[in-house]
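Colleague: Please read through the structure below; I'll follow up with questions.
The values are calculated or read from the model by the stated rules, or taken from the named source; none is laboratory data. Note that this is a predicted model, so its numbers are computed, not measured. Note that we place each Cβ from the backbone using ideal geometry, even for glycine, and neighbour counts take in every protein chain shown. Accessible surface is based on the protein model in full, side chains and every heavy atom, while ligands, DNA and RNA are left aside. Shrake-Rupley method; radii C 1.70, N 1.55, O 1.52, S 1.80 Å.
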Amino acid sequence: MQRINLKKNLIKVLLILLTALLIANCVLTFLNGNTIVENNVLRERTEQIKRNTEHIIGDIVHGADLAVRGYALTKSDKLSEPLRIAMVYKDSLFIGLKRQLGAQEYDTSSLHEIRTAVDDYLAFSNEMIELARQDSMQKFTAILNEDRGYDLWKKYMAFREPLFTYEDTLNKEAENRYIAALGDNRLIVIVLLLIGVPTMIYIIKRLSRDEKRLTALLLNLDQQNRQYIFDNGSSLDVNDIDHVIENSIQNFKKANTFITNIANGNYSVEWETLHDGNRSLNESNLAGNLIRMKNHLNESKLSNEKREWGVSGLAELMTLIQNQRDIKELSSSVVKYIVRYTKSNQACMFVVPVEQDCNNDYLQLVACYAWDRKRYVNMKMQKREGLIGQCWHEAEPILLTNVPEDYIQISSGLGDASPRSVYITPIKMNNVVYGVLELASFSRFEEHEIDFINKACESIAACIFAVKMTERTDILLSQYTSQIKSLQSELKMLKELNQSLVEV
């Protein structure tokens, strides 16, 4: 036991030491980063000071010389432009140099002297140009031979050399500071490697040896749990004993909850954490078997409910339409009933008029129902006209699940909206179309609902046929009665005519 504790304490000490070295390395790295930034800023400033110092001769003095010589040769004001530019640029250049050198705490008295010398030289250059403008070339040449630029050059070099030496010294000191900090950082890294690598190797070997048997045990438990109860498809950390045991307990709880719901008739229950990604992993274990049992029971229940729903609806419809003697009353009752029973939102019914049974020229809208309101609209639909006419012509139903926004609108107290599904089906019997029924709904029509609507239309077609036969019989009877009365009137007239002839 003491040996185990000694090893544990050794690991702790080594880890603390590694942590301290890492912190020291991070701190030094941060400081080195600041040193690099400061060094770069200092280098940029010194280089800028050097460039500005070079501009005194390169831009100002040389510009003045160029202007004097160019104007003296050509008398062109354009060639004297460099002198004007030099005089404008001079002030900003010396002001900038003074500010930069002041920030470095450098003695700027020599800068003042060189500025005075430059001002004198620019004034001298202006005087030379004025002599050239007056064509006083003899005096111009005499002054030019004085070579005042050389005196300015000596003053400039007396200012430049110590300044550049000072700037180079600043750069060198900053670079030495960075190199020293970098050396300290390297030392920390070397010590970190010398201690850290052996320590990590020791820790890894120790952990691997101590956890090998526990890992094998937890791995076996996890595999058995996945094989016989439930596999969520995600890997577990088998080194975490609490996680593995908790996962097994949770699977037992899920199984108990699932079975309890099925026993209570709740077939909509789902196994927690089961999805398409892990469904194939749970086909033969407890979860898969329970889900298959639930699905089978649920399918049987739904099938019975749909079958009973359809049978009950057809029975109610037959009760509603039996003994109907008027097409409009029949259509109105049928449309209202089907809309409510299928939970649709709107419906209309077109019927071939009795007088058009032979010609089949058009369909007549005889009933329309929407949002618990009944309305009659005079509308005729020709064959092949729109979807209604197409359904009539082809004698086949049409199901729309992607209804255009401008096809039809369903109105309610909340406004107008387009239906999600429209079903148009012929009202036919023995391949004879007696009309067309159109239903619109915010929900999709399911297969059992469509089957109910089709069977309902067959019963409606039979009823329409019977009503039409009755209407046609009544029409024929009326025509027959009218003909008899006409014949009786004609016979009476003949008798009266015959009587008149006999008397004559």
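Colleague: If I filter segment 204-249 down to residues being among the polar types (S, T, N, Q) and outside any helix (DSSP H, G or I), which single residue comes out as most open to solvent (accessible area, probe 1.4 Å)?
Modeller: Going through the qualifying residues, I end up with 235.
Colleague: For residue 175, are the conditions met, namely being charged (D, E, K, R), at pLDDT 75 or above and under 30 Å from residue 35 (Cα atoms)?
Modeller: So residue 175 fits the description; yes.
Colleague: Could you check segment 332-354 and list, in sequence order, the residues that are free of Cβ contacts under 8 Å to residues at least 60 places away in the same chain and of a type outside the set (Phe, Trp, Tyr)?
Modeller: Matches in segment 332-354: 332, 333, 336, 340, 353.
Colleague: Being of a type in the set (S, T, N, Q) and over 37 Å from the mean Cα position of the chain (by Cα) is the filter; apply it to segment 231-256 and report the residue that is modelled with the lowest pLDDT.
Modeller: Per the stated criteria, the residue is 239.
Colleague: Ok, one more. Within segment 323-344, identify whether any single residue is farther than 24 Å from residue 365 by Cβ, acidic (Asp, Glu) and either part of a helix (DSSP H, G or I) or at pLDDT 85 or above (or both), and answer yes or no.
Modeller: No.
Colleague: What number of residues within segment 290-323 satisfy the criterion of being open to solvent by less than 70 Å² (accessible area, probe 1.4 Å), over 40 Å from the mean Cα position of the chain (by Cα) and over 19 Å from residue 453 (Cβ atoms)?
Modeller: Qualifying residue count, segment 290-323: 2.
Colleague: Here is a further query. What pairs come out if I take residues in segment 404-426 that are open to solvent by 80 Å² or more (accessible area, probe 1.4 Å) and pair them with residues that are among the aromatic types (Phe, Trp, Tyr) and at pLDDT 65 or above whose C-beta lies under 9 Å away, six or more apart or interchain?
Modeller: Going by the 9 Å Cβ cut-off, the qualifying pairs are 420/442.
Colleague: Is segment 76-85 home to any residue that is among the hydrophobic types (A, V, I, L, M, F, W, C) and farther than 21 Å from residue 140 by Cα?
Modeller: yes
Colleague: Would you mind stating whether residue 85 is within 17 Å of residue 123 (Cα to Cα), at pLDDT 80 or above and of a type in the set (A, V, I, L, M)?
Modeller: Spelling it out, residue 85 is indeed within 17 Å of residue 123 (Cα to Cα), at pLDDT 80 or above and of a type in the set (A, V, I, L, M).
Colleague: Yes or no: segment 229-247 includes at least one residue that is touching a Gly at 6+ places or on another chain (Cβ under 9 Å), closer than 30 Å to residue 446 by Cα and either in contact (Cβ under 8 Å) with a residue 60 or more places away in the chain or not hydroxyl-bearing (Ser, Thr, Tyr) (or both).
Modeller: no
Colleague: Now, a different point. Return the total of residues in segment 56-105 being of a type in the set (Asp, Glu) and either within 60 Å of the chain's Cα centre (by Cα) or open to solvent by less than 40 Å² (accessible area, probe 1.4 Å) (or both).
Modeller: Here the count works out to 4.
Colleague: Can you give me the number of residues within segment 235-268 that are within 30 Å of residue 208 (Cα to Cα) and hydroxyl-bearing (Ser, Thr, Tyr)?
Modeller: So the answer is 2.
Colleague: Still on this structure, I have one more. Only one residue in 215, 260 is more than 40 Å from the chain's Cα centre (by Cα) and at pLDDT 85 or above, so which one is that?
Modeller: Going through 215, 260 in turn, the sole match is 260.
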